[in-house]
Amino acid sequence: ASRLIKEADIAMYEAKEKGRDGVIVFDDEMEKRVEYNLEIEQLLHFSLKNNEIFLMYQPQIDKKGNIEGAETLVRWNNEKLGMIPPETFISIAEHTGSIIELGHFIMETAFRTLSEWEKQGVSLCQFSINVSMRQFFYYNFINDVHALCDKYLTEETRNKVVFEVTESIIAEDVDKVVHIMEEIKQLGIRFSMDDFGTGYSSLSYLKRLPIDEIKIDRSFISELDDTTNDQIMVTSILNMAKQFNLKVVAEGVENISQLEFLQSRQCDIYQGFYYSRPLTDTDFQDYYKKH
Ligand code: C2E
Ligand code: MG
Ligand code: MG
């Protein structure tokens, strides 16, 4: 009986997450997923201590083909499960709260890398770090950022840091969001709206938030070749961004025709497999030196 109730409970939460007012059946597939997620949750707990978490860096290229910056992307290589994609474990870490510790580690590693690269002559214009929503709203977030800046960055390198947030933060109290952003911006750090176009993307919010950049979601870029709808969408985003004086990064640029379309519409920065996959620290430095 208790198992039946537990499974019904899991299905109920799933139904709620899917927007309520629906029916979800607890089946084998769901059972496996729940077990897998539970295992991830448990293993994630030891991942930092076991040195299983590391960062990769993906180049961002400007209109002239020069390296403008990099985005840091977290990786988790577990002994038992192998490589687990961030899309799987970040949401679980958000759920359990371990994102706070994980996010701190990511930021510290990223700041250290930025400072180290600068010393090695790998000098970028911008250096982007993904910040999850729960991390952003953590009561000590601003203090943590201050402390890590003091420890690793100079005024010059601080001005290169960009925090990527997603549109989901808009679901929270906007005044609070603006307050946190303003505090962080005092340090010289900029904000970018990641996965733009997939979430709430309301123009009125865009105007209220002190963001400096938007990243057009890769789902729009990947369909550029064959859907005129996406061409219109991307063109409108670029026009709108210009009006708001925002820099635009296109993510997931995979081929020359996508690149040419974006170039013809004056997109500022390109990121994607066409130029490079995410690279390890040393590979990124080599890539930089070759270019
Ligand atoms: P994102 O921030 O939008 O990152 C872009 C994702 O697109 C990355 O996947 C990157 O490897 C992938 N990508 C880049 N270029 C291409 C391309 O040309 N084609 C295709 N198909 N994919 C491309 P990744 O590294 O698996 O990360 C997925 C998501 O996980 C990220 O999306 C971000 O939301 C989250 N994430 C990654 N690292 C971190 C982190 O350090 N902290 C937090 N909070 N979230 C992270
Ligand atoms: Mg990102
Ligand atoms: Mg994105």
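Numbers for the structure displayed
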{"quantity": "Yes/no for MET133 being surrounded by fewer than 21 Cβ atoms within 10 Å (Cβ to Cβ), within 14 Å of ligand 1 (Cβ to nearest atom), modelled with pLDDT under 95 and closer than 27 Å to LEU38 by Cα", "calculated": "yes"}
{"quantity": "Segment 172-195 - residue that is farther than 18 Å from VAL145 by Cβ and at pLDDT 90 or above and, of those, surrounded by the fewest Cβ atoms within 10 Å (Cβ to Cβ)", "calculated": "ASP175"}
{"quantity": "Members of segment 226-270 found to be away from ligand 2 (no atom under 16 Å from the Cβ), touching a Phe, Trp or Tyr at 6+ places or on another chain (Cβ under 8 Å) and free of Cβ contacts under 8 Å to residues at least 40 places away in the same chain, listed by number", "calculated": "ASP230, GLN231, MET233, VAL234, GLU254, ASN255, ILE256, GLN258, LEU259"}
{"quantity": "Qualifying positions in segment 1-42 - among the β-branched types (Val, Ile, Thr), in a helix (DSSP H, G or I) and surrounded by 13 or more Cβ atoms within 10 Å (Cβ to Cβ)", "calculated": "ILE10, VAL34, ILE40"}
{"quantity": "Test result for LEU246, more than 16 Å from ligand 3 (Cβ to nearest atom), surrounded by 13 or more Cβ atoms within 10 Å (Cβ to Cβ) and under 22 Å from GLN126 (Cα atoms)", "calculated": "no"}
{"quantity": "Residue ID - nearest to LYS289 (Cα to Cα), chosen from residues in segment 64-91 that are touching a residue at least 60 places away in the same chain (Cβ under 8 Å) and among the aliphatic types (A, V, I, L, M)", "calculated": "ILE67"}
{"quantity": "Verdict on ASP212 being free of Cβ contacts under 8 Å to residues at least 60 places away in the same chain and of a type in the set (Asp, Glu)", "calculated": "yes"}
{"quantity": "Which listed residue, of GLU108, GLU94, GLU101, is touching a residue at least 24 places away in the same chain (Cβ under 8 Å), in contact with a Lys or Arg (Cβ under 9 Å, 6 or more places away or on another chain) and away from ligand 2 (no atom under 16 Å from the Cβ)", "calculated": "GLU108"}
{"quantity": "Breaking point among (1) among the polar types (S, T, N, Q); (2) loosely packed, with under 15 Cβ neighbours inside 10 Å; (3) closer than 20 Å to ASN130 by Cβ, for THR198", "calculated": "(2)"}
{"quantity": "Unique residue being closer than 30 Å to ASP62 by Cα, of a type outside the set (Ser, Thr, Tyr) and more than 16 Å from ligand 2 (Cβ to nearest atom) when the list is LEU124, LEU148", "calculated": "LEU148"}
{"quantity": "Filter result (more than 9 Å from ligand 1 (Cβ to nearest atom) and either hydroxyl-bearing (Ser, Thr, Tyr) or surrounded by 14 or more Cβ atoms within 10 Å (Cβ to Cβ) (or both)) within segment 69-87", "calculated": "GLY69, ALA70, TRP76, ASN77, ASN78, LEU81, ILE84"}
{"quantity": "Those residues of segment 275-291 which are touching a residue at least 12 places away in the same chain (Cβ under 8 Å) and either among the acidic types (Asp, Glu) or surrounded by 17 or more Cβ atoms within 10 Å (Cβ to Cβ) (or both), in sequence order", "calculated": "TYR275, SER276, PRO278, LEU279, ASP281, PHE284, GLN285, TYR287, TYR288"}
{"quantity": "Test: LEU124 is closer than 30 Å to GLU260 by Cβ, modelled with pLDDT of 95 or more, in a loop (DSSP other than H, G, I, E, B) and among the aliphatic types (A, V, I, L, M)", "calculated": "yes"}
{"quantity": "Residue under evaluation ILE169, criteria (1) in contact with a helix residue (DSSP H, G or I) (Cβ under 8 Å, 6 or more places away or on another chain); (2) assigned to a helix (DSSP H, G or I); (3) at pLDDT 95 or above; (4) farther than 27 Å from LYS289 by Cα, criterion not met", "calculated": "(3)"}
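The values are calculated or read from the model by the stated rules, or taken from the named source; none is laboratory data. Since the model is a prediction, treat every value here as computed from it, not as a measurement. We place every Cβ from the backbone using ideal geometry, glycine too, and count neighbours over all the protein chains shown.
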